[in-house]
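K.L.:
Take this structure first; my questions come after.
Every number here is computed from the coordinates shown, using simple stated rules; none is lab data. The structure displayed is predicted, hence computed values, not measured ones. Cβ placement follows ideal geometry from the backbone for every residue including glycine, while neighbour counts extend to all protein chains displayed.
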Amino acid sequence: MDIKALTSHLSISPQIMVSDIKAIANAGFKAIICNRPDGEGPDQPNFEEIEKVANQFGIQAHYLPAETGKVRHEDGKAFGELLQTLPTPVLAFCRSGMRSTTMWALSQAGVMPIPQILEASLNVGFDLKTLDFSTNFFND
């Protein structure tokens, strides 16, 4: 696992495996958000498998998939709504961590200064300077 903290309450990771969940629980995570659609790659477990084991460790698991390269503003809004309700800390994952980081960045439009969002994203390895932050979900 390659877990990187975006904030004090949210970390991102590439694809996790069922066998990683015990270590995720031991690291203190209280919730998981899966941003990778089931069946995207032959190397990934289905979300249902992850959810079942996560629940056994007291971790809430949520499925919010997006196709690679096609994260929409609506995905960012839904991600932000989850972050407002889930116990923390939260681990969000997809194939590489990019979709999870993008959803978080979109969810923060209008909440955090854009330079701060871009810096946090860059610190975990993703350059989002071309991301369209024009939608502010919290003032809709």
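K.L.:
Residue by residue through region 15-28, which ³J(HN,Hα) values in whole Hz follow from phi under the Karplus form 6.51 cos²θ - 1.76 cosθ + 1.60 (θ = phi - 60°), with glycine and proline marked x?
P.N.:
The phi angles translate into 2, 9, 10, 4, 5, 7, 5, 4, 5, 5, 5, 5, 7, x Hz.
K.L.:
Just 35, 26, 46 to compare: in a GNM of the chain, with alpha carbon springs under 10 Å, which one fluctuates most?
P.N.:
Most flexible of the set in this elastic network: 26.
K.L.:
Which of rounded, prolate or oblate describes region 42-89 when judged by the alpha-carbon gyration tensor and an a/c cut-off of 1.5?
P.N.:
Numbers: a/c = 3.45, a/b = 1.20, b/c = 2.89.
Taking the square roots of the gyration eigenvalues as a ≥ b ≥ c, region 42-89 is oblate.
K.L.:
In nanometres, what is the gap between the two model label sites at residue 55 and residue 67, each 7 Å from Cα along Cα-to-Cβ?
P.N.:
3.0 nm
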